[in-house]
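Enquirer: Have a look at the structure that comes next, please.
Values in this text are rule-based calculations from the coordinates and carry no lab data. Just so it is clear, the structure is predicted and the values come from calculations on it, not from any experiment. FYI the Cβ positions are ideal-geometry reconstructions off the backbone, even for glycines, and counts take in every protein chain you see.
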Amino acid sequence: MKRFLPFALVLCSGAWIYACSSSDGSNNNGPPSDTTNGENGNGNPDPNNPSGNDGGGGGNDASPTEDSSTPDATSNVNPIEGATAKSELEVENVDGLVWKTDAVYFTLPYQQLLVKYTPGRTPDPTDQYVTSINALGITFDEKANTLLFANSNDHGVAELRRVEAGKTGPFPIATTAVAMTQADGGATPPPYSPNDAVVRKSDGTIFLTDPGYQSGNITNGVYRLSPQNKLSQVAAYTEERPNGIALSPDSATLYVSLTQNQDPPGTTIPSIVKFTVAADGTTGTATKFVDVGPADAAPDGLTVDTGGNVYVATKTGVQVFAADGKKWGQITTAKPATNVAFGGADAKTLYISTTGGIFSAQVKIAGLGQ
């Protein structure tokens with residue numbers, strides 16, 4: 001059943017504007033590696049950028065498989081064979097989303113809201129979980145047992161904020177900022193407009209992206225925040241726009257989508273790059289994982305399933321690749337997709353945020369909870 005978000009949930013906020021295009025970037029492959037160690041234990045809505053299976057994933061007290069699992073024996077299984085996207089909820093410009101317990105938590109950055117949505121139930125005003133934020137990507141931090149979202153506040157200050165999941169009110173729920181101290185004392189640029197984040201379950205290390213959409217800063221980057229709250233730069237970019245971010249099932253590979261906005265339209269094909277991740281959280285040099293065509297595909301949010309398959313939101317739907325780079329195909333959406341997350345009782349419901357709402361599709365392989 002198609003559901004509509006009540007008008008009461010849409011709070012106007014005209015003072016904050018997104019800039020979602022840039023000139024043609026040139027290199028998808030080789031930014032510097034993260035060389036910062038020493039912690040001893042040792043993360044945009046694009047205007048061009050919705051489950052429709054009634055009841056699929058709702059009302060169950062289960063969450064996707066955690067990201068510390070190892071890939072299952074599904075390397076020859078096309079995870080999206082027969083999968084189609086069906087409308088779950090209509091609301092404009094959804095950005096990030098994540099499943100926890102029995103609900104989808106999603107962000108509406110233009111309305112400055114974080115909303116809790118239980119599939120099969122029409123949201124009401126109490127579902128305005130958090131207000132007065134510019135939330136974008138959202139994930140779940142298993143180590144801290146909180147939702148974690150990227151936020152650019154009204155003063156242009158980059159933030160990661162935490163909020164407890166499953167609260168029943170009073171609303172809005174209070175949030176807390178994550179402390180960040182630059183590991184190199186400020187020698188490298190900090191993130192100015194964090195977009196998306198992923199958390200390593202084993203120790204709570206946070207990886208985040210900054211595509212520079214809100215700040216207009218020239219340098220885009222990928223960052224790592226250690227369990228000791230030390231921030232270091234994994235990689236620096238110029239106009240490639242690092243955007244979505246996800247970890248492999250064993251947390252040994254970090255995937256980042258490079259949106260590569262081109263205005264006017266160009267010929268550079270955007271891509272997903274990957275970094276090796278060591279036990280102490282440090283990373284190797286980026287290498288190209290796959291191209292994500294065509295040139296205007298605008299790859300955005302990422303997620304991964306237990307078989308190691310990588311799912312990326314694009315302007316025409318969700319493209320899916322095997323761990324070896326083989327393309328399985330695409331789940332087409334009626335609106336440009338912005339992010340993806342697994343949910344449901346068996347973690348085989350793929351929720352897809354778009355510029356027109358939330359869609360869902362039933363897939364063959366369970367997803368990771370990230």
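Enquirer: Please state the relative contact order of the stretch 257-336 as a whole percent: Cα pairs under 8 Å, 6+ residues apart? Spell out each step's value before the answer.
Expert: Values: 161 pairs, mean separation 17.6, N = 80.
With pairs under 8 Å counted, the relative contact order is 22 percent.
Enquirer: Something else now. Could you line up Arg224, Arg162, Arg121 from fewest to most neighbouring Cβ atoms inside 10 Å? The partial results should precede the final answer.
Expert: Working: Arg224 27, Arg162 16, Arg121 12.
The order, fewest Cβ neighbours first, is Arg121, Arg162, Arg224.
Enquirer: OK, next. If packing is taken as the average count of other Cβ atoms within 10 Å, what order do 94-101, 280-287 fall into, highest mean first?
Expert: Working: 94-101: 25.2, 280-287: 19.2.
In decreasing order of mean packing, 94-101, 280-287 become 94-101, 280-287.
Enquirer: Ordered by residue, what ³J(HN,Hα) values in Hz, to whole numbers, does the stretch 316-322 give under the Karplus form 6.51 cos²θ - 1.76 cosθ + 1.60, where θ = phi - 60° and Gly and Pro are x?
Expert: 10, x, 10, 8, 10, 10, 6
Enquirer: Right, next: What shape does the stretch 191-327 take by its C-alpha gyration tensor, where a ≥ b ≥ c are the square roots of the eigenvalues and a/c under 1.5 counts as rounded, a/b above b/c as prolate, and the rest as oblate? Don't skip to the answer; put the middle values down first.
Expert: Values: a/c = 2.04, a/b = 1.19, b/c = 1.71.
Judged from the Cα gyration tensor, the stretch 191-327 comes out oblate (a/c at least 1.5, b/c at or above a/b).
Enquirer: For Lys230, which lysines qualify as cross-link partners when the Cα separation must be under 28 Å and same-chain residues fewer than eight apart are set aside?
Expert: The qualifying lysines are Lys100, Lys143, Lys201, Lys274, Lys288.
Enquirer: Using a 10 Å cut-off on Cβ atoms, rank the peptides 133-144, 313-324, 348-359, 81-92 from the highest mean neighbour count down.
Expert: Values: 133-144: 23.8, 313-324: 21.5, 348-359: 27.1, 81-92: 19.2.
Answer by packing, highest mean first, reads 348-359, 133-144, 313-324, 81-92.
Enquirer: Rank by packing, highest mean first: peptides 265-277, 225-237, with packing defined as the count of other Cβ atoms within 10 Å averaged across residues. Spell out each step's value before the answer.
Expert: On the way: 265-277: 19.3, 225-237: 21.7.
Result, highest mean Cβ count within 10 Å first: 225-237, 265-277.
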